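The next block holds one structure in the form of structure tokens; read it before the comments.
The values are calculated or read from the model by the stated rules, or taken from the named source; none is laboratory data. Every value quoted in this text rests on a predicted model; they were computed, and no experiment measured them. A quick note on method: Cβ atoms are made from the backbone with ideal geometry, for glycine too, and the neighbour counts reach across all protein chains shown. The accessibility values were calculated without ligands, DNA or RNA, using every heavy atom of the protein model including side chains. Shrake-Rupley method; radii C 1.70, N 1.55, O 1.52, S 1.80 Å.
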Amino acid sequence: MQNKSIPLEADALGAPYPVIHRRLLHWVEEVAALCQPQQIYWCDGSPAEYERLMAAMTASGAAIRLKQKSNSVLFRSHPGDVARIEDRTFISTHHRDDAGPTNNWIAPDELKRTMTGLYRGCMAGRTLYVIPFSMGPIGSPLAKIGVEITDSAYVVCNMHIMTRVGRGVIEALGADGEFVPCLHSVGAPLRPGAADIVWPCAPLEQKYISHFPEENLIWSYGSGYGGNALLGKKCFALRIASAMARREGWLAEHMLILRLISPTGKHYHIAGAFPSACGKTNLAMIQPTLPGWRAECIGDDIAWTHIGPDGRLYAINPEAGFFGVAPGTSVRSNPMAMATLRANTIFTNCALTDDGDVWWEGMSPAPAHLIDWQGRAWHPGDARPAAHPNARFTVPAVQCPVISPDWEKPEGVPLDIFIFGGRRASVMPLVIEAFDWDHGVFLAATASSETTAANVGAVGNLRRDPFAMRPFCGYNMADYFGHWLAMGDRLGDRAPRIFYVNWFRKSAAGKWLWPGYGENSRVLAWMCDRLEGRVGAQTTPIGRLPEPTDLDLNGLALPTENLHELLRVDANEWQAELSDIERHFTCFGARLPERLRQQVINLATRLNTV
Ligand code: O2Y
Ligand code: MN
């Protein structure tokens, strides 16, 4: 390595640039003493560093270079390390109630004792990488800094893409700047002379993805995969940041950000929260089919929003790349993502074609022969998928052909609309406009979706996923609802309008009723027109819905019965839904804000008076 690896006994811990931050140096020293790495390496974030690490991983067999895509590689994970592991994810607060009923909890002392035992000597034979990174453009008043320590070069390369890494961050930190310490180990020490395996990790019961929101600290052990290991993403930018945001009066949300441009050139900024693998990346890169409308992508997964000097809510995307689900991504579902992936991409758990490209289910007809995500020969008709259902791509956001010229604006973009949603085959109509902010918070707090492969667990079950934040809220979800209500009070009439969508309703015969993808622009345009008072709506017990004639469906051959079914509110189904919502709220006990209890009563009253 050009950026020389320094043995532990060398002074100043071997940083290749000046580090004057005593607390940071002390922390690195402390972790090194505990984890006992062979060497310490400070990342500079340069392309040369990325290339050196990739070359080493290619030589070791961990990475496979793709012949058909420039500077792109394929990794295959351990078959037991393929997704986020919610059962092993912990919010560790002094009082259990501060983590709340939707989070796993272990007391900080106990969790630290257990994990310290695991960390002891865990980096033997490995390199300890120090990754200074910024979430948000370096220097933006809305950005925050983290430092990840990891023993995985795969993590370093992914962090290069997903965050801003390097000496600029250290400079921004200065002597005493705030940073979130993020400690990660794959949990697989190497005995002297032992050969490494391509994807080291620890057994499930030793995996811990731990958050200490009271001290802005992250400890992750045992997994090398995605959100478990790239600690800037779900761990920092959502779980820790949501707790910071509550203390500091802003919002850290699991939301895409997009700019929709009307035929007259007016900009509408939309932030949308959807549970994992519900087409969020597709919507973030939407190609509107409605004539005259255009869209630009600002972010596909996370939004940090602050109230600006004019009283409006401004959003930044704290990430620098996309870590998207590959299966299902195609020229039809997301042509912009396919174009984004042309080069400089890390693929994980995709299938490999004979000519050295990647393939996954839903991309195109299956080739006659592939190597599957576990390295075995695969043929069409084989019972197992060729790519893992949670196979991923990691790619720089700047490569997206429709990335907004303002995606890195330090002050963010002013939000006009919040959209919440989920995947429901029945009950939920295509779109609902909330009556007001409190009703919007209620719609978001009761959001539900059928589960997918993004998390380890059963697929296809219905689960309530409030604000699409169930796996990502770093404190008691009832307090989070209260924080949203309080933000609404501060925003007053400058608050974004709130809508709820369901692109996934099916007919009795099990067929999709709505074509989705670029056609979703018709629903987005209705929302924008509602803001302008240009289009009507019908008032129903569950909110305002478009009348069939309010949606611009020109050029779309949508059967009338589909439209009718998409906008149908079934009183019996909604009585059952109401009971389920009441059950869902019960778990929050006395901490549930009174204003949400009132929303349940309001819904019941409206349903009983139709
Ligand atoms: O983090 C993972 O391992 C996969 S889950 C994921 C990845 C990127 C964006 N969002 C998600 C999610 O689960 O919401
Ligand atoms: Mn996500």
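With the structure loaded, tell me whether Asn334 is open to solvent by less than 10 Å² (accessible area, probe 1.4 Å) and farther than 30 Å from Lys144 by Cα or whether it fails that test. It is true that Asn334 is open to solvent by less than 10 Å² (accessible area, probe 1.4 Å) and farther than 30 Å from Lys144 by Cα. Annotation note: of Gly272, Gly311, Gly265, the sole residue that is in the same structural domain as Leu553 (by TED's automatic domain parsing) and within 15 Å of ligand 1 (Cβ to nearest atom) is Gly272.
When Pro263 is tested against (1) away from ligand 2 (no atom under 16 Å from the Cβ); (2) of a type outside the set (D, E, K, R); (3) buried (at least 24 other Cβ atoms within 10 Å of the Cβ), just one condition goes unmet, and that condition is (3). Number of residues in segment 561-572 that are open to solvent by less than 40 Å² (accessible area, probe 1.4 Å), outside any loop (DSSP other than H, G, I, E, B) and either outside the structural domain of Gly543 (by TED's automatic domain parsing) or not aliphatic (A, V, I, L, M) (or both) equals 1.
The condition of being in contact (Cβ under 8 Å) with a residue 40 or more places away in the chain and either assigned by TED's automatic domain parsing to the domain that holds Gly139 or more than 30 Å from His78 (Cα to Cα) (or both) holds for only one of Leu352, Leu415, Leu341, that being Leu415.
For segment 314-328, which residues satisfy the criterion of being open to solvent by less than 10 Å² (accessible area, probe 1.4 Å) and either hydroxyl-bearing (Ser, Thr, Tyr) or more than 16 Å from ligand 1 (Cβ to nearest atom) (or both)? Across segment 314-328, the qualifying residues are Ala315, Ile316.
A Cβ distance below 7 Å, combined with a sequence gap of six or more or placement on separate chains, defines the contacts here; from segment 37-65, residues that are under 19 Å from Leu183 (Cβ atoms) reach residues that are aromatic (Phe, Trp, Tyr) in the pairs Tyr41/Tyr129; Cys43/Tyr129. Exactly one residue out of Ala576, Ala571, Ala590 is under 33 Å from the mean Cα position of the chain (by Cα), under 18 Å from Arg424 (Cα atoms) and of a type outside the set (S, T, N, Q), and it is Ala576.
To keep it simple, each residue is scored yes or no on (1) in a loop (DSSP other than H, G, I, E, B); (2) in the same structural domain as Met336 (by TED's automatic domain parsing); (3) of a type in the set (D, E, K, R).
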{"residue": "Gly362", "(1), (2), (3)": "yes, yes, no"}
{"residue": "Pro365", "(1), (2), (3)": "yes, yes, no"}
{"residue": "Trp373", "(1), (2), (3)": "yes, yes, no"}
{"residue": "Pro380", "(1), (2), (3)": "yes, yes, no"}
{"residue": "Ala383", "(1), (2), (3)": "yes, yes, no"}
{"residue": "Ala387", "(1), (2), (3)": "yes, yes, no"}
{"residue": "Pro410", "(1), (2), (3)": "yes, no, no"}
{"residue": "Ile419", "(1), (2), (3)": "no, no, no"}
{"residue": "Arg423", "(1), (2), (3)": "yes, no, yes"}
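The residue of segment 16-35 that is modelled with the highest pLDDT, among those that are under 23 Å from Glu49 (Cα atoms) and open to solvent by 30 Å² or more (accessible area, probe 1.4 Å), is Glu29. Scanning segment 230-262 for residues that are within 15 Å of ligand 1 (Cβ to nearest atom) and assigned to a loop (DSSP other than H, G, I, E, B) turns up Leu230, Leu231, His254.
Within segment 573-610, the residues that satisfy the criterion of being part of a loop (DSSP other than H, G, I, E, B) and either open to solvent by 60 Å² or more (accessible area, probe 1.4 Å) or not assigned by TED's automatic domain parsing to the domain that holds Tyr475 (or both) are Cys587, Thr609, Val610. Here Phe347 meets each of (1) of a type in the set (A, V, I, L, M, F, W, C); (2) assigned to a loop (DSSP other than H, G, I, E, B); (3) within 23 Å of the chain's Cα centre (by Cα) with one exception, condition (2).
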